[in-house]
Amino acid sequence: MDKKVKSIRGFMQEVSEKTHGLFISFLILAVLLIISAIFIPKVFQLKNLENLLRTYAPGGIVAVGLSLVILTGEIDVSVGAIMTLAMAVAAKIYDFSEPAAIAAICATGIGTGFLNGLLITKTKVPSLMLTIGTTSVFNGLAAILVKAQKKYITDIYEITLSVAKGSILGIPIPLLVCLVLAILFQFILRKTSFGKHIYYTGTNKRAAWMSGVNIDRVKIICFMASGLLAAVAALLLSGQLGSSTVQLGTGYDVTAISIAVLGGISLKGGKGTVIGTLLGFITMSLMQNMLAIAQFGTYVSTTLKGVMIVLVVYLYGLTAKRKE
Amino acid sequence: MSILKNNKYKNIIRKQMLWLAIMLGLIIGRILSPYFFAGNNITVILYTCAIYGMLAIAESLVLLVAEIDLTIGISAVVSPALAIYLTNAIYKVSNNGEVVRGGYVTAPWWVIVAFTLLIATLIGLVNAILVVKCRVPAFVATIGVQYAVTGIGYIVTKGTPLFMTKVQGVAFIGGAKLAGVIPVCFILFLLVAIMFIYLCSSTKFGMRVYSTGGNTKSASLCGINTGKWKMFMFIISGLLAGITGVVFTSKLQSIDVTQTTGYEMTALAIAIVGGIELNGGVGNLKNTVKASMFMAILSNVLSMLGFLSYHQTFVTGLFIVLFAIIHKKSDSKRLKELNIVEV
């Protein structure tokens, strides 16, 4: 019996090694799909799928950006605060001109990401520590800017609304943005030297530094990408909600980390793929939607989300080959 | 400037940075308002210090063994709530009637306290098993448990608040004051703090904890059961979260699941300001106590200045970043002396 368990584990380890951990993500997604097909077939109505992927897409976009940072072995818990700050800055500019506001959103995202990256690489403070501090700073700054007021995204702001609520060929634009970005990042990670540098930095930063990788630059660029994506997500989210408050991004940091983890990205860095994150995002949104349709309510859904995260990471730990 | 250039004074300033910050805060507070040293205000500061400080000590202990615990905030409010409903269930089974009626709790306080501590310790134990036995990284495991515990709290309380005003003796631990100024919970906090400072600085306990955090592999090669010590720290942090929960519930005399959202981040921030390192094995609990005092004074002074809550968030964030950088600077200096190149 023991031998059998071992051989199953060995098989799982081999498969997951070959597929870069994607196997587990697919497995979990498949299990969820089968469960929902048997018990809650309503999930597969086209309208529902479209809505659910549109609603949860901002979380997915943030997670895709955050994946890059986690792959370099750092972490950024300030993405939620960056979302809030980006919309707060935009709220000031929206009345003058909408394109300028959208440009400001992107600029804020890149700027805050750059600030995080710069502080972390120059002072060598652990990123979790520093980004806890900057979370407070950004949240405070956002509230100071708009005096904690709500900004309504009304029908005047056509670009924002059409991006957040529109569809191309029946696919919601937020989902499309998420897909395109994930595939783009996956391409960069796999096919370019910069992508390799990200993996080297995450796996062993000392070795990477010694072989001439400019790890500071790699980290700063990853933080900037993560900031930019958080800001884009904020734009799409507030477009969907029709308003932006100073609570906009609260909780999205933890959601994004959970999604990345569900997709098989190791918090130690250097392990995982952005496609995995995409699968994690689909899994997470599908699960929440299933529980909502089965009328479990948010309370049970929160609990199960927690249990699920722990369980999945435990599974990943089982299938990873130990090098001890 | 000549004083600052002198190395001796510089060292003193660096070592006593938190005391200086506290002093500065007190002086600024005194200048800004004549009521700063009034009895009531002191009580408020000490109360804030006790609540956050207790959680910060819990967090620091876990950080010292190179792990992290993000459940303490939610554990501090869900465990009393669960305890009350557990008591209710027990009373119902033994035909003694209900102790929760219309949101009002009438159970005896000692039952609630005992169950609260038990449940909080159990949450700590769950964390410990997940992290040490199942090898789930602490950051993810505790986020997961945080979600789970929040959800359970909501399921059990159905999202409605509980009121404790009818419980006899409820106000003692959170509301009673010694000599009209010092809250009892602050004394409790000091006792806990002194106990752990003593344990960490002068006993085998501290040696084991610091070596486990400093370098887990070499510690286990030296014969220290590092897994056991990590589990132990998670359980202690759970217990301390439970004690905080008792104090907090007693002070507010009500429980609502959302009321401690984000407290774990504040605790983490205090630990950072106090110079505990996230990589484990570096830091001193004395500084955590000082840091919690400083943060309490800071928030009080900012309120005195007429800062709104979001201005306070901003300034607190700046201080966290500042202290993190200063602590890291001195650590970098140490590494430089050891000829270790930081990457």
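Exactly one residue among A:Thr283, A:Thr277, A:Thr298 is within 12 Å of the chain's Cα centre (by Cα), part of a helix (DSSP H, G or I) and either at pLDDT 90 or above or not acidic (Asp, Glu) (or both), and that residue is A:Thr277.
When B:Tyr47 is tested against (1) surrounded by fewer than 19 Cβ atoms within 10 Å (Cβ to Cβ); (2) part of a helix (DSSP H, G or I); (3) aromatic (Phe, Trp, Tyr), just one condition goes unmet, and that condition is (1). Close contacts from the stretch A:29-45, counting a first residue that is closer than 17 Å to A:Phe281 by Cα and a second that is of a type in the set (Phe, Trp, Tyr) and at pLDDT below 85, with Cβ to Cβ under 8 Å and a gap of 6+ residues or different chains, come to A:Ser36/A:Phe44. Using the structure shown, decide if A:Leu128 is in a helix (DSSP H, G or I) and out of contact with any Gly (no Cβ under 7 Å at 6 or more places or on another chain). It is true that A:Leu128 is in a helix (DSSP H, G or I) and out of contact with any Gly (no Cβ under 7 Å at 6 or more places or on another chain).
Every residue, every condition in (1) among the small types (Gly, Ala, Ser); (2) modelled with pLDDT of 85 or more; (3) over 21 Å from A:Thr303 (Cβ atoms); (4) out of contact with any strand residue (DSSP E or B) (no Cβ under 7 Å at 6 or more places or on another chain), yes or no:
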| residue | (1), (2), (3), (4) |
| --- | --- |
| B:Ile22 | no, yes, yes, yes |
| B:Phe36 | no, no, yes, yes |
| B:Leu55 | no, yes, yes, yes |
| B:Ala66 | yes, yes, yes, yes |
| B:Leu122 | no, yes, no, yes |
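Considering the stretch B:130-145 alone, what residues qualify as being at the interface with chain A (Cβ under 7 Å from one of its Cβ atoms) and either in contact with a helix residue (DSSP H, G or I) (Cβ under 6 Å, 6 or more places away or on another chain) or assigned to a helix (DSSP H, G or I) (or both)?
To start, the set of residues in the stretch B:130-145 that are at the interface with chain A (Cβ under 7 Å from one of its Cβ atoms) comprises B:130, B:134-137, B:139-141, B:143-145.
The answer is B:Leu130, B:Cys134, B:Arg135, B:Val136, B:Phe139, B:Val140, B:Ala141, B:Ile143, B:Gly144, B:Val145.
Hey, any hits in the stretch B:326-333 for a residue that's facing chain A (nearest Cβ under 10 Å), within 30 Å of A:Thr203 (Cβ to Cβ), touching a helix residue (DSSP H, G or I) at 6+ places or on another chain (Cβ under 7 Å) and in contact (Cβ under 8 Å) with a residue 24 or more places away in the chain?
Start the filter on the stretch B:326-333 by keeping residues that are facing chain A (nearest Cβ under 10 Å), which leaves B:326-329, B:331-332.
Those still in the list that are within 30 Å of A:Thr203 (Cβ to Cβ) too: B:327-329, B:331-332.
Now drop any that are not touching a helix residue (DSSP H, G or I) at 6+ places or on another chain (Cβ under 7 Å), which leaves B:328.
Filter once more, keeping what is in contact (Cβ under 8 Å) with a residue 24 or more places away in the chain: none.
No, the conditions are met nowhere in the stretch B:326-333.
B:Gly317: at the interface with chain A (Cβ under 8 Å from one of its Cβ atoms) and modelled with pLDDT of 85 or more, yes or no? Considered against the rule, which asks whether it is at the interface with chain A (Cβ under 8 Å from one of its Cβ atoms) and modelled with pLDDT of 85 or more, B:Gly317 comes out as yes.
Here's a check for you: in the stretch A:301-310, which residue that is more than 7 Å from chain B (Cβ to nearest Cβ) and more than 18 Å from A:Thr277 (Cβ to Cβ) is modelled with the lowest pLDDT?
The first filter runs over the stretch A:301-310 and keeps only residues more than 7 Å from chain B (Cβ to nearest Cβ), leaving A:301, A:304, A:308.
Filter once more, keeping what is more than 18 Å from A:Thr277 (Cβ to Cβ): A:301, A:304.
Working: A:Ser301: 83, A:Leu304: 86.
Among those residues, the one meeting the criterion is A:Ser301.
Among the residues of the stretch B:163-217, those identified as small (Gly, Ala, Ser) and closer than 23 Å to B:Cys49 by Cβ are B:Ala171, B:Gly174, B:Gly175, B:Ala176, B:Ala179, B:Gly180, B:Ala193, B:Ser201. If you go through the stretch A:133-156 and keep only what is among the hydroxyl-bearing types (Ser, Thr, Tyr) and within 9 Å of chain B (Cβ to nearest Cβ), you end up with A:Thr134, A:Thr135, A:Ser136. Per the conditions (1) buried (at least 22 other Cβ atoms within 10 Å of the Cβ); (2) closer than 24 Å to A:Thr131 by Cα; (3) within 14 Å of another protein chain (Cβ to nearest Cβ), the sole criterion not satisfied by B:Val257 is (2).
Scan the stretch B:146-171 residue by residue and report those that are within 7 Å of another protein chain (Cβ to nearest Cβ) and hydroxyl-bearing (Ser, Thr, Tyr). B:Tyr147, B:Thr150, B:Tyr154, listed by residue number. Filtering A:Leu71, A:Leu66, A:Leu46, A:Leu52 for residues that are among the aliphatic types (A, V, I, L, M) and either touching a His at 6+ places or on another chain (Cβ under 9 Å) or over 24 Å from A:Gly239 (Cα atoms) (or both) leaves a single hit, A:Leu71. Taking the stated definitions as given, is A:Leu130 within 10 Å of chain B (Cβ to nearest Cβ) and either farther than 19 Å from A:Tyr252 by Cα or in contact with a helix residue (DSSP H, G or I) (Cβ under 9 Å, 6 or more places away or on another chain) (or both)? Against the criterion (within 10 Å of chain B (Cβ to nearest Cβ) and either farther than 19 Å from A:Tyr252 by Cα or in contact with a helix residue (DSSP H, G or I) (Cβ under 9 Å, 6 or more places away or on another chain) (or both)), A:Leu130 qualifies.
Condition test on A:Val125, is it out of contact with any Phe, Trp or Tyr (no Cβ under 8 Å at 6 or more places or on another chain), without any contact (Cβ under 8 Å) to a residue 24 or more places away in the chain and within 11 Å of chain B (Cβ to nearest Cβ)? Criteria met by A:Val125.
Could you pull out the residue among B:Tyr85, B:Tyr52, B:Tyr91 that is part of a helix (DSSP H, G or I) and closer than 23 Å to A:Val307 by Cβ?
Working: B:Tyr52 fails: closer than 23 Å to A:Val307 by Cβ; B:Tyr91 fails: closer than 23 Å to A:Val307 by Cβ.
Just a single option satisfies the conditions, and that option is B:Tyr85.
When you scan the stretch A:99-115, do you find a residue that is without any contact (Cβ under 8 Å) to a residue 40 or more places away in the chain, within 14 Å of another protein chain (Cβ to nearest Cβ) and either within 19 Å of B:Val321 (Cα to Cα) or not small (Gly, Ala, Ser) (or both), even just one? The answer is yes; a qualifying residue exists. Is it fair to say B:Thr249 is surrounded by 23 or more Cβ atoms within 10 Å (Cβ to Cβ), in contact with a helix residue (DSSP H, G or I) (Cβ under 7 Å, 6 or more places away or on another chain) and more than 25 Å from B:Leu63 (Cβ to Cβ)? Answer is yes for this residue. Would you mind stating whether B:Glu342 is within 8 Å of chain A (Cβ to nearest Cβ), under 27 Å from B:Gly124 (Cβ atoms) and assigned to a loop (DSSP other than H, G, I, E, B)? Against the criterion (within 8 Å of chain A (Cβ to nearest Cβ), under 27 Å from B:Gly124 (Cβ atoms) and assigned to a loop (DSSP other than H, G, I, E, B)), B:Glu342 does not qualify. For the stretch A:185-199, the candidate set comprises residues that are touching a residue at least 60 places away in the same chain (Cβ under 8 Å) and in contact with a Gly (Cβ under 7 Å, 6 or more places away or on another chain); within that set, the residue that is nearest to A:Lys219 (Cα to Cα) is A:Tyr199. Taken as a whole, the stretch B:260-283 holds no residue that is more than 12 Å from every other protein chain (Cβ to nearest Cβ) and without any contact (Cβ under 8 Å) to a residue 40 or more places away in the chain. Checked against (1) closer than 24 Å to B:Ser330 by Cα; (2) part of a helix (DSSP H, G or I), A:Glu50 passes all but condition (1).
The values are calculated or read from the model by the stated rules, or taken from the named source; none is laboratory data. Since this is a predicted model, take the numbers as computed values, not measurements. With ideal geometry, Cβ positions are generated from the backbone for all residues, glycine too; neighbour counts draw on all protein chains shown.
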